[in-house]
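Read through the structure below, which is laid out as structure tokens, and then see the notes.
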Amino acid sequence: MRIPRFLPVAAAAAAVSALLVASGWLAPPGRTRPAAPATCLVLQVESQNSHSSSFVRLTVPTGQRQSLGNPGYTINAMAYSAAQGVVYGVADGPASGHFHDGAHAVRIDASGHVTDLGGVFRAGARHGIWSWATGSTGGAMAGNSWYLLHANSLYTVDVDPASPHYLDLVAHQQLRPIVLSAGVDDFAYNPADGLLYGVSVTAAGHGSVVTINPRDGRVATVPGLKFPLARAYGSVVFGPDGALYATANRIGHRSVTYRLPRDGSGGAQEISTGPELYTSDAAGCLAGASAPPPPPPPPPPPPPSPPPSPTPSQKPRNPSRTGETPPPPALAEQPTAVNQPRDETSPDPIVASASVAPPTKFRPVATPQPSVADAGHREEKQRRWSVAVLVLVIGGGAAAAHVRRGR
């Protein structure tokens, strides 16, 4: 049977297509490669004592830390407003002391600049005496509602700049049961279910993840989700991967940030460590902030210096005794000097001056003609050669005649 010409080409095309499908280049629509896990920037405030704080930019899930300096206030209960692109927090006072009317609300922009917004008072009150934000340890943001955690109470503060109740306390819930809520120091808002997630470190909680319902104040544990037991988890945020990130203020004389998947696929994993902390808090993920550049690689070691080249030995000027003495250079035969009177027609001899003239122009020098004495000397030598040749001819002829006679 005759094979069609196009059959080998079709077979080769089918083989190439199968190879591309296997490698993922020609995957069917809807089947894409899983995207690499994204990173997220978290603004974390850390206090090693009761009168100072420092900002740290934390990248999750990598755990990279970047210090941003001292904000000039003792800050806690931070929450990030994605709509406004700023972070709200509670400041007990400047580094030098406390506010006379209790803690103030502050606004933190992307550059880390802190603006004092004044105290937080109940909506409708004409004159506030003491700020309701005083003593708050945890904060989270849901739209324009800023949730503040104060002991066993949950406060809701309006942060809509267009609202007449901007920075007013608009709602209050008592948390229960107290055996769980008393061990919570911070929480993060989950828009998927409308609940606040935190870590309870009481005897009942024992490092368990708990949820807080802001509508009725109920606190409940999440089965199967636990962090290592610590004195307090001051910072809690959600990462871009949906995992919960929490920072223990002190575990073994250090602070530790853990990552815990909410789907129960694994336990808490340590991603970052820092100094032992008195308090901490965090807000994130921050939108529009660029991740800090990775540390530059160490400079390459300098190339090894080349060994010093050996100094060439000086050859002795005198030849070795064992070697043959090179022949002296041949000397050109010098003509015999003849004393003769100065010819008036011959040019004067050229005397070299002390300074060398540039070799641009040369003065032609006439070649001296042979004198009469030289001509006579050559004629006398020719006569002598003629006599010698004649003697040799005559002598040769006489010798030949003598030989013939002897025969």
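Taking the stretch 58-100 as the range and being closer than 23 Å to M141 by Cβ, small (G, A, S) and in contact (Cβ under 8 Å) with a residue 60 or more places away in the chain as the test, the residues that pass are A77, A79, S81, A82, A83, G85, G89. With the requirement that a residue be polar (S, T, N, Q) and surrounded by 19 or more Cβ atoms within 10 Å (Cβ to Cβ), what does the stretch 60-80 give you? Selection gives T74, N76. Against the numbered list (1) in contact (Cβ under 8 Å) with a residue 60 or more places away in the chain; (2) in a loop (DSSP other than H, G, I, E, B); (3) among the aliphatic types (A, V, I, L, M), A105 comes up short only at (2). Taken together, the residues in the stretch 201-219 that are part of a loop (DSSP other than H, G, I, E, B) and closer than 29 Å to P275 by Cα amount to 7. Here the stretch 168-200 is the region considered, the condition is being part of a loop (DSSP other than H, G, I, E, B) and crowded, with 20+ Cβ neighbours inside 10 Å, and the residue that is modelled with the lowest pLDDT is G183. Out of the stretch 185-214, which residues are in contact (Cβ under 8 Å) with a residue 40 or more places away in the chain and not aromatic (F, W, Y)? Scanning the stretch 185-214 gives D185, D186, A188, N190, P191, G194, L196, G198, V199, V209, I212, P214. With respect to (1) at pLDDT 95 or above; (2) part of a loop (DSSP other than H, G, I, E, B), the lone exception for L286 is condition (1). Residues that are within 25 Å of A110 (Cβ to Cβ) and at pLDDT 95 or above were ranked within the stretch 240-258; the one that is surrounded by the most Cβ atoms within 10 Å (Cβ to Cβ) is T247. Among the residues of the stretch 72-83, is there at least one that is modelled with pLDDT under 90 and of a type in the set (S, T, Y)? Looking for residues that are modelled with pLDDT under 90 and of a type in the set (S, T, Y), one finds none in the stretch 72-83, hence no. Filtered by the rule that a residue be assigned to a loop (DSSP other than H, G, I, E, B) and of a type in the set (V, I, T), the stretch 148-167 gives a lone residue, V159. Answer yes or no: is there a residue in the stretch 105-119 that is more than 17 Å from H150 (Cβ to Cβ), surrounded by fewer than 17 Cβ atoms within 10 Å (Cβ to Cβ) and among the β-branched types (V, I, T). Yes - at least one qualifying residue is present in the stretch 105-119. Take S52 and tell me if it is over 20 Å from H150 (Cβ atoms) and modelled with pLDDT under 85. Yes: the conditions hold for S52.
One residue alone among G112, G97 is under 30 Å from G242 (Cβ atoms) and part of a loop (DSSP other than H, G, I, E, B), and that residue is G112.
The values are calculated or read from the model by the stated rules, or taken from the named source; none is laboratory data. All values derive from a computational prediction rather than experimental measurement. Virtual Cβ from ideal backbone geometry, glycine too; neighbours counted across all protein chains shown.
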